[in-house]
Amino acid sequence: MSNKPQWFLIETEQEYNAAVARYEKIKYAPERTEDHKEKLLLVHLIENYENSLWDLPEVDPIEMIKIRMGDFGYKATDLATVYGDKGTVSKVLHYKQPLSLTMIRKFSKLLRLPVSALIKEYQMAE
């Protein structure tokens with residue numbers, strides 16, 4: 001008998017936290033393993049829960065970041081502390097440079113935004 005948890009639809013923050021913690025443990029599981037299958041299931045369950053919780057407005061990713069910065073009282077320097085480069089963060093917030101995958105990952109965690117809200121296409125400044 002396996003000691004692995006059985007996953008169902010995530011309905012509470014406690015279940016969500018447990019799923020995220022488990023995902024963090026197995027996120028680098030090799031393909032074609034049971035852990036890899038579990039990881040794929042967790043991604044789906046976590047995303048489903050996040051989408052049900054967060055009724056996000058239809059705005060571009062940069063506006064979404066700015067909204068969440070306001071919600072948490074963050075400034076661009078706070079984002080730069082997490083990302084590591086104030087100049088790049090400034091360019092992104094002024095639509096002069098697109099979000100990088102690293103930024104998306106870090107800002108998603110910091111601002112508690114689903115990655116899907118940050119990967120949408122948006123217009124750059126000319």
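The values are calculated or read from the model by the stated rules, or taken from the named source; none is laboratory data. Given the structure is predicted, the values throughout are model-derived calculations rather than measurements. Using ideal geometry, Cβ is built from the backbone for each residue, glycine included, and neighbour counts are taken over all protein chains shown. With ligands, DNA and RNA removed, areas are computed over all heavy atoms of the protein, side chains included. Shrake-Rupley method; radii C 1.70, N 1.55, O 1.52, S 1.80 Å.
Roughly how many nanometres apart are two label points built 7 Å out from the Cα toward the Cβ at LYS27 and GLU63?
2.9 nm
Give me Rg/Rg_expected for the chain, where Rg uses Cα atoms only and Rg_expected = 2.2 N^0.38 Å with N residues.
Scaled against compact globular proteins, the figure is 1.21.
Between TYR95 and TRP7, 0.36 nm times their residue separation minus their Cα-Cα distance comes to what? Walk me through the numbers on the way to the answer.
Details: separation 88, 0.36 × 88 = 31.68 nm, distance 4.01 nm.
Extending this stretch completely gives an extra 27.7 nm.
Between segment 37-90 and segment 1-35, what is the separation of their alpha carbon centroids in Å?
22 Å
Starting from the Cα-Cα distance between ILE119 and ALA18, subtract it from 0.36 nm times their residue separation and give me the gain in nm to one decimal.
Between ILE119 and ALA18, full extension yields an extra 33.8 nm.
Rolling a 1.4 angstrom probe over the protein heavy atoms, how many square angstrom per residue are accessible across the chain?
Here the residues of the chain average 70 Å² of exposed surface.
What does the charge count around LEU110 come to, taking other residues whose C-beta lies under 9 Å from its C-beta (Lys +1, Arg +1, Asp -1, Glu -1)? Don't skip to the end; give the middle numbers.
Working: positive: ARG68, LYS106, LYS109, ARG112; negative: ASP78.
Summing Lys and Arg as +1 and Asp and Glu as -1 gives +3.
Given the peptides 61-67, 6-12, arrange them by the average over their residues of other C-beta atoms within 10 Å, most packed first.
So the peptides 61-67, 6-12, ranked by packing, come out 61-67, 6-12.
Could you check the simple spin-label distance between HIS36 and ARG105, using points 7 Å along Cα→Cβ, in nm with one decimal?
Here the modelled spin labels are 1.9 nm apart.
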